[in-house]
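Colleague: Quick one: the structure is below, questions incoming.
The values are calculated or read from the model by the stated rules, or taken from the named source; none is laboratory data. Owing to the predicted nature of the structure, the values given are computational and were not obtained by experimental measurement. Virtual Cβ from ideal backbone geometry, glycine too; neighbours counted across all protein chains shown.
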């Protein structure tokens, strides 16, 4: 096992130690260092390992200790049984019976059983009916009526209505989807589950089924140690992972991450939007790889389910006039912005759907609807005509004003948008809109709570069928300002919502689904709900100095994006191999 001293080092000190001591070099061979999710130079919620805590940022480290019933590989459409071995729907899709794997144990030696799965559902249902302050509680309450224990290895989930997608959206962990399972014998004694930090290494917390234990959580780093008594190795399900220690540190900045990648201070980081920067790092450290390489040698990335848009906050009355929304949309030159910000390394998008193979028919339909509605810019002439139709005139600064008052707005962003945000804001300003792009440590909160006038953000939606993305815009998700949500449009159209309800009543492969997609996207585009910008491509640098078998186009067993809310980064860690 690696030394405890090494685990306590911050990444900057670790980089020096590796270069100067043989013992640290030996420990480094067993240690994976990842620079991941944080909206600043430090982690914002250290000492928290509660996966249902609202606002907790536990993706870089703590989530990798949790395990799902099933994993899913989006690139090869592979459903991977893990804590469960299988499932069966009732004929009407109103119940689902899940078979659990025999021999699974919690980290304190207690068996993992149907009681734990049923308890987790019951806890979320109770919270939704009372305080409503736990992540996923309201969503689970909307979809689940009860969870019944059939026997120690079988649990029946009774749904509130037929839902042929439930196995995929809640019981299978991939990207941002999937629930986390809690040990009944621990959490049943917790007085306030929402406030429970679930972190006390001396007491063995968090108790999870995962192959790694969280032993340190500070603002500077999270540290995981491999559990050599992990149930998977004990029962012969899988060998112990080769990664013995995982150190998660904040990404900080691209410049800092680039320096550490070049000197082998870290093994993997969040993505770099600029291929030129990746090429610079690769010249310094030839062991850096990405998901693929183009014919001309530029790094290629992995497709993600987070296509980005310029979002209007429909809860703000300034966007009530669809003509204003369309005028803004027609002032955006998405291809120019992509070419400048990302050197053209990702496709533009006219829809909110990610470009995974199962969704291509829906994308084709939605693109046709966008063109039919006249939403495809840039078209500055039509944009100006719409503004004049509403009574706006250009002032002496060339900006649109009405009754002597300049139209102003702020686009709130997040770090992945910082490359393209200022470019889009400048395009809008050139078209007469006094709009600026900003990112601060408070931007994510403003976006999620509906306090941002506009946002540059992605979509936590569909992967294999269009229902989840369509549902982002359901009236049920048009929450009042102050209630946090990733359905940040806060838009409601009853006719559209009725169509989405019909989609959810059909199996994903029902031919009628695409007919309903067409009807929904006609309304969505007529209303100019948002301005799609691009597909999201993760260009993630992966360092082969100490670890190999990273995901690639030739071996696409996973996305290399280890920070997903699903905790699927554990699947990546299980597959990494020590460099020879």
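Colleague: Return yes when residue 216 is part of a strand (DSSP E or B), in contact with a strand residue (DSSP E or B) (Cβ under 8 Å, 6 or more places away or on another chain) and not assigned by TED's automatic domain parsing to the domain that holds residue 88 and no when it is not.
Modeller: Working: part of a strand (DSSP E or B): yes; in contact with a strand residue (DSSP E or B) (Cβ under 8 Å, 6 or more places away or on another chain): yes; not assigned by TED's automatic domain parsing to the domain that holds residue 88: yes.
Yes, satisfied.
Colleague: Kindly indicate whether any position in the stretch 336-359 is assigned to a strand (DSSP E or B) and either assigned by TED's automatic domain parsing to the domain that holds residue 446 or touching a strand residue (DSSP E or B) at 6+ places or on another chain (Cβ under 9 Å) (or both). Break it down stepwise before answering.
Modeller: Of all residues in the stretch 336-359, those assigned to a strand (DSSP E or B) come to 348.
Among the residues that remain, those that are also either assigned by TED's automatic domain parsing to the domain that holds residue 446 or touching a strand residue (DSSP E or B) at 6+ places or on another chain (Cβ under 9 Å) (or both) are: 348.
Within the stretch 336-359 (the criterion being assigned to a strand (DSSP E or B) and either assigned by TED's automatic domain parsing to the domain that holds residue 446 or touching a strand residue (DSSP E or B) at 6+ places or on another chain (Cβ under 9 Å) (or both)), the answer is yes, since at least one residue qualifies.
Colleague: Can you tell me how many residues within the stretch 47-59 are in contact with a strand residue (DSSP E or B) (Cβ under 6 Å, 6 or more places away or on another chain) and either buried (at least 19 other Cβ atoms within 10 Å of the Cβ) or not in a loop (DSSP other than H, G, I, E, B) (or both)?
Modeller: Going through the stretch 47-59, the residues in contact with a strand residue (DSSP E or B) (Cβ under 6 Å, 6 or more places away or on another chain) turn out to be 47, 49, 52.
Within this subset, residues satisfying the condition of being either buried (at least 19 other Cβ atoms within 10 Å of the Cβ) or not in a loop (DSSP other than H, G, I, E, B) (or both) are 49, 52.
Adding up the residues that qualify gives 2.
Colleague: Let me ask another. Read through the list (1) without any contact (Cβ under 8 Å) to a residue 60 or more places away in the chain; (2) surrounded by 15 or more Cβ atoms within 10 Å (Cβ to Cβ); (3) within 17 Å of residue 417 (Cα to Cα), then give the number of the only condition that residue 270 fails.
Modeller: Result: residue 270 passes all but (1).
Colleague: Among (1) in a loop (DSSP other than H, G, I, E, B); (2) buried (at least 20 other Cβ atoms within 10 Å of the Cβ), which single condition is residue 162 missing?
Modeller: Of everything listed in (1) in a loop (DSSP other than H, G, I, E, B); (2) buried (at least 20 other Cβ atoms within 10 Å of the Cβ), residue 162 misses just condition (2).
Colleague: May I ask you to list pairs of residues, at least six apart or on different chains, whose Cβ atoms are under 6 Å apart, with the first in the stretch 78-94 being surrounded by fewer than 18 Cβ atoms within 10 Å (Cβ to Cβ) and the second being not in a strand (DSSP E or B)?
Modeller: 85/101; 92/162; 94/162
Colleague: Now, a different point. Given the options 325, 371, 283, name the one that is exposed (fewer than 15 other Cβ atoms within 10 Å of the Cβ), modelled with pLDDT of 95 or more and in a helix (DSSP H, G or I). Don't jump to the end; show me each part of the working.
Modeller: On the way: 325 fails: exposed (fewer than 15 other Cβ atoms within 10 Å of the Cβ); 283 fails: modelled with pLDDT of 95 or more.
Within the list 325, 371, 283, the selection yields 371.
Colleague: Next question. Could you please find all residues in the stretch 451-464 being closer than 28 Å to residue 396 by Cα and surrounded by fewer than 23 Cβ atoms within 10 Å (Cβ to Cβ)? Give the derivation first.
Modeller: Step one: filter the stretch 451-464 for residues closer than 28 Å to residue 396 by Cα, giving 452-455.
Across the stretch 451-464, the qualifying residue is only 453.
Colleague: What tally of residues in the stretch 286-308 results from selecting those that are touching a helix residue (DSSP H, G or I) at 6+ places or on another chain (Cβ under 7 Å), closer than 26 Å to residue 174 by Cβ and assigned to a loop (DSSP other than H, G, I, E, B)?
Modeller: Number satisfying all stated conditions: 1.
Colleague: Does residue 513 satisfy the condition of being assigned to a helix (DSSP H, G or I), surrounded by 16 or more Cβ atoms within 10 Å (Cβ to Cβ) and either more than 18 Å from the chain's Cα centre (by Cα) or in contact (Cβ under 8 Å) with a residue 12 or more places away in the chain (or both)? Step through it out loud before you land on a result.
Modeller: Values: assigned to a helix (DSSP H, G or I): yes; surrounded by 16 or more Cβ atoms within 10 Å (Cβ to Cβ): yes; either more than 18 Å from the chain's Cα centre (by Cα) or in contact (Cβ under 8 Å) with a residue 12 or more places away in the chain (or both): yes.
Criteria met by residue 513.
Colleague: If I go through the stretch 116-159 residue by residue, how many of them are assigned to a strand (DSSP E or B) and in contact (Cβ under 8 Å) with a residue 40 or more places away in the chain? Outline the logic, then answer.
Modeller: So the first thing to find is which residues in the stretch 116-159 are assigned to a strand (DSSP E or B), and the list is 134, 144-151, 154-159.
Now restrict to residues that are in contact (Cβ under 8 Å) with a residue 40 or more places away in the chain: 134, 150, 154-159.
Going through the stretch 116-159 one residue at a time, the tally reaches 8.
Colleague: Taking the options 36, 55, 40, 44, name whichever one is on the phi > 0 side of the Ramachandran plot and outside the structural domain of residue 412 (by TED's automatic domain parsing).
Modeller: Numbers: 36 fails: on the phi > 0 side of the Ramachandran plot; 40 fails: on the phi > 0 side of the Ramachandran plot; 44 fails: on the phi > 0 side of the Ramachandran plot.
That would be 55, the only listed residue that is on the phi > 0 side of the Ramachandran plot and outside the structural domain of residue 412 (by TED's automatic domain parsing).
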